[in-house]
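Bear in mind that the values in this text are calculations on the coordinates, not laboratory data. All figures in this text were calculated on a predicted structure; none of them were measured in a lab. Counting neighbours? That spans all protein chains shown, and the Cβs are built from the backbone with ideal geometry, glycine included.
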Amino acid sequence: MGLFDAVLGTESQTQAALSPAEAFAVIILTATASDGYLSVEQANSIISVLSRMKLFKSYPNEMMNRLFDKILGILQGDGFNALFNAAKDSLSQDLREAAFAVATDLVLAEGIIPEEEKNFLNDLYQALGVSSEIAIQIVEVILIKNRA
């Protein structure tokens, strides 16, 4: 905690753990924007995918928008590493595998896979503790899915 944080009482937003839904959204958002850009189409795809998941059933559009605003606020205030680590720590192993699968699906949906996105997905499965066998299966299935 910095000098002004102690005096003013402003602490890092990631000090408190993220909810599983927030953490899942962080992983998806950071993966989709891993090339440094998030298009309106990509943001709409994220919202569409998340809104179909059980984890986000109770999230109407306005609540989803507030969730993204919160994530972006933490990102700006605390930086990528603090946000990612808070998200990772808030996910169970099952949700980590699901987050990797959804992130892979959204990243590979564009058809063109820039090197930085390949590198990010490679780093992501390792950072999330997803086994290489599961990660390979996920990538293979997503590539088959995107052939059509």
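Observations on the model:
- In the elastic network of the chain, a GNM with C-alpha springs shorter than 10 Å, the most mobile of ALA43, ALA103, ALA31 is ALA43.
- Rounded to the nearest 10 degrees, the angle from helix 20-32 to the longest Cα principal axis of the chain is 60 degrees.
- Estimated dipole of the chain in Debye, rounded to 20 [Cβ of Lys and Arg +1, of Asp and Glu -1, Cα centre]: 480 debye
- At the listed q of 0.11 Å⁻¹, the Debye profile of region 18-145, built from one uniform point per Cα, gives log10 I(q)/I(0) equal to -0.34.
- Trypsin sites (Lys or Arg not before Pro) within region 16-120: DSSP coil, no more than 16 neighbouring Cβ in 10 Å: ARG52, LYS57
- Listing PHE68, PHE80 from fewest to most neighbouring C-beta atoms within 10 Å gives PHE80, PHE68.
- A simple spin-label model places the labels of GLU133 and ASN65 4.6 nm from each other, with each point 7 Å out along Cα-to-Cβ.
- Among GLU133, GLU97, the ranking by other beta carbons within 10 Å of each residue's beta carbon, starting with the fewest, stands as GLU133, GLU97.
- For region 117-144 and region 46-84, distance of Cα centres in Å: 22 Å
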